Amino acid sequence: MIEAYKVIEETDAHIVYQYNTALTWGLFGALGIGLVGVSLNMILLQILCGLAMVAYLFIGLVKIRPVNSKLREALRSGSLKMEGSKYSFSNPLRYTLSKDAPVS
């Protein structure tokens, strides 16, 4: 199955997640196919778009939610660093979570 995030690096001090940019572009492609299907009244394209949306929803609920809860917790504690873009294949979105609590 398609993974939303993959662990790039994990040490005792931090863990680095990288977002799968293909998911974002796949969603845009599915929306484009759906719009073409609606404008040309082609039910097959509309069904394909619907199936792609269901798959994306499944990935979001099953694969993204556990990582997002860790990201939210790290953001609240101030131990999250973000870099890159979820639209870029050459500079993908990466989250670095510090495992140590920040010193205040």
Exercise. Which aspartates and glutamates have a Cα lying under 12 Å from the Cα of residue 99, excluding residues fewer than 8 positions away in the same chain?
Worked result: 10, 12, 73
Exercise. What FRET efficiency would be calculated for the residue pair residue 79, residue 31, taking the C-beta separation as r and a Förster radius of 25 Å, to the nearest 0.05?
Worked result: 0.10
For this session: Compute the Rg to Rh ratio over the chain from the alpha carbon atoms, using the Kirkwood formula for Rh, and round to two decimal places.
Result: 1.12
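Give, in nm to one decimal, the length gained when the segment between residue 90 and residue 57 is fully stretched (0.36 nm per residue of separation minus the Cα-Cα distance).
Working: separation 33, 0.36 × 33 = 11.88 nm, distance 2.55 nm.
So the extension gain works out to 9.3 nm.
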Exercise. Quick one: if you stick a label point 7 Å off each Cα along the C-beta vector at residue 6 and residue 38, how many nm between them?
Worked result: 3.4
For this session: Quickly work out the residue 13-to-residue 48 label distance, labels modelled 7 Å from Cα along the C-beta direction, and quote it in nm with one decimal.
Result: 4.8
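Read-outs: derived from the displayed coordinates by stated rules, not from any lab. Note that the coordinates shown come from a computational prediction; the quantities given were computed from them, not determined experimentally. Don't worry about glycine lacking a Cβ; one is built from the backbone with ideal geometry, like all the others, and counts go over all protein chains shown.
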